[in-house]
Structures are given as structure tokens and as C-alpha cells.
Amino acid sequence: MLSGKSADELRTEQVELLNAKKELEHSELTDDVKHARLSSDEYLRKRRELDMLKLERKREEQKTTASQVRQEDAPVDREMIVSLEEQLAAAQQRLAYHKRREQVVGLVLQELAKAVKATASSAQKVVSAAIEQHLGTITGGRYTEARLRDDLAVEVFSAEKNDWVVPTEALSAGTVDQIYFLARLAFLKTIAGNNPVPLLLDDPFVTCDAPRRLQIRAILEKYKDEYQILFFTHYPEYEDWGDNVIAL
């Protein structure tokens with residue numbers, strides 16, 4: 001019955017159990033625990049959760065207090081708020097103005113696109129023929145066909161590539177200058193017709209070598225009876241072109 005234990009050992013074990021009982025009653029089995037519907041383990045778990053919530057609440061209260069302090073210390077007063085509201089109203093007015101301006105510009109661009117397309121449609125044959133009139137001469141026979149696209153871009157036919165090319169994307173700078181010089185003359189002829197408008201040239205042939213300059217001179221000789229040509233340059237290569245006037 002005593003499991004081989006002596007009376008002294010049993011008394012010692014009894015004392016230990018009584019002490020453990022008193023400790024449990026003091027630390028866990030309080031009046032709240034005794035009268036609660038939860039078990040002692042569940043109650044203690046809830047108490048720990050409550051303590052964590054209280055700690056979290058304290059941290060949030062500290063954050064709120066710090067925010068209030070920052071708000072009170074912020075260098076913003078009523079006058080500044082009124083000024084900012086006025087600036088906001090002015091900015092909104094400017095925004096509305098620029099939105100209306102954007103709409104107007106959008107409509108203008110749409111109409112310009114239509115005008116470009118209409119101009120290209122009516123001028124394609126005339127401009128292409130005017131360019132082709134001197135294209136073979138000015139490029140040494142390398143290019144003889146030209147056309148005007150719907151966006152008014154100029155293309156020439158390359159026999160080497162067997163395709164139409166945009167001069168700025170496939171040709172040398174000197175050839176590009178020659179072709180677009182012819183294009184400008186063609187547009188001038190198309191727009192002005194037989195009206196004797198002046199032709200102003202401000203050193204447009206800086207990329208041309210000697211043979212190209214001679215080709216361009218031959219073309220200008222043909223146009224001098226139709227237009228008054230004013231050629232501005234500081235290069236001596238052009239001194240014998242037309243009537244030389246030296247600026248003082």
C-alpha cells in the first residue's frame with residue numbers, strides 16, 4: 001500500500017503537495033478564476049491576450065500623442081492655410097485654361113492633318129514632276145524618279161535597292177541637300193505659280209562638293225528669269241554666281 005515508502009517519505013511528499021496546492025491557489029485559483037466559467041488554463045490565456053491588447057493600446061496612444069504634438073508644432077497657421085487655398089484655386093484655373101488650350105490645339109492639329117493630306121493629294125503629281133525634272137541631272141543619273149507621300153514627305157526610287165527610300169534615311173548628306181533643294185523649288189512652283197516671288201538662299205549648299213555645286217548652279221540659271229534669287233554666303237566659291245554684292 002505504501003509502495004515501499006517509509007512514513008517519513010510520505011510525510012515529506014505530503015508537505016510538498018500541500019505547498020504546491022497553496023501556490024496554485026495563490027497564483028491561479030483566485031476568486032475570479034474560481035467563479036469563472038473558463039478553466040484556469042483558458043483564463044490565463046485570456047489574461048495574457050488582454051495584457052497584449054493593453055500594451056498595443058498604449059503604443060497607439062503614444063503614436064496619437066506624438067502626432068498631436070507634431071501637428072501643434074507644425075509651422076502652419078490659418079493665414080498659411082488661406083494662402084494655400086488661394087494658390088490651389090489659381091492652379092485649378094490655370095489647369096482648366098490649359099485643358100481648353102489642349103482641346104483647341106488638338107482640333108488645330110486635326111485640321112492641319114486634313115490640310116496636309118489635301119495639299120499632298122492635289123500637289124503630288126505637280127511636285128513629283130517638278131523634282132524629277134532636275135533629279136537625274138543633280139544626282140548624276142543615280143535617281144530619276146520621285147514622289148510625294150500623303151504626309152508631304154519626299155521619296156526617291158533607288159535602283160540599287162529596287163524600292164522607294166526616304167532621302168534622310170538612306171542617302172548621303174550632299175544628295176539629301178540636293179533632293180530637298182529640288183523639293184523646295186517644286187513646292188515654291190506649286191504654291192506661287194507664275195507669281196514672281198523672291199527666292200532667298202542662306203548657304204544651303206555647304207555639304208555639296210564642286211560637281212554638285214555646278215549642277216545646282218545650272219538649275220538656278222534656269223530659274224533666274226522666273227524668280228529674283230538672293231543668295232547669301234561667305235564662301236568665295238560662289239563669287240562668280242550672278243551679280244556679286246559684297247556687304248560692308
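The values are calculated or read from the model by the stated rules, or taken from the named source; none is laboratory data. Computed from a predicted model, the values in this text were never measured in an experiment. Note that we place each Cβ from the backbone using ideal geometry, even for glycine, and neighbour counts take in every protein chain shown.
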### Task
Determine whether region 137-151 contains at least one residue that is among the charged types (D, E, K, R) and in contact with a Leu (Cβ under 8 Å, 6 or more places away or on another chain).
yes
### Task
Could you tell me whether any residue of region 118-140 is part of a helix (DSSP H, G or I), farther than 15 Å from Leu182 by Cβ and either under 29 Å from the mean Cα position of the chain (by Cα) or of a type in the set (A, V, I, L, M, F, W, C) (or both)?
yes
### Query
Would region 201-209 turn up any residue that is more than 15 Å from Thr139 (Cβ to Cβ), modelled with pLDDT of 85 or more, in a strand (DSSP E or B) and over 35 Å from the mean Cα position of the chain (by Cα)?
yes
### Task
Kindly indicate whether any position in region 181-196 is among the hydrophobic types (A, V, I, L, M, F, W, C) and over 24 Å from Leu112 (Cβ atoms).
yes
### Task
State all residues of region 123-169 that are within 25 Å of Ala210 (Cα to Cα), surrounded by 15 or more Cβ atoms within 10 Å (Cβ to Cβ) and of a type in the set (Gly, Ala, Ser); if no residue qualifies, say none.
Ala130, Ala146, Ser158
### Message
All but one of (1) modelled with pLDDT under 85; (2) farther than 24 Å from Ala130 by Cβ hold for Glu226; state the number of the condition that does not hold.
### Response
(2)
### Task
List every residue pair whose Cβ atoms lie under 6 Å apart, where the two residues are 6 or more positions apart in sequence or sit on different chains, the first residue falls within region 219-248 and is surrounded by 10 or more Cβ atoms within 10 Å (Cβ to Cβ), and the second residue, located anywhere, is part of a loop (DSSP other than H, G, I, E, B).
Thr233/Asp203
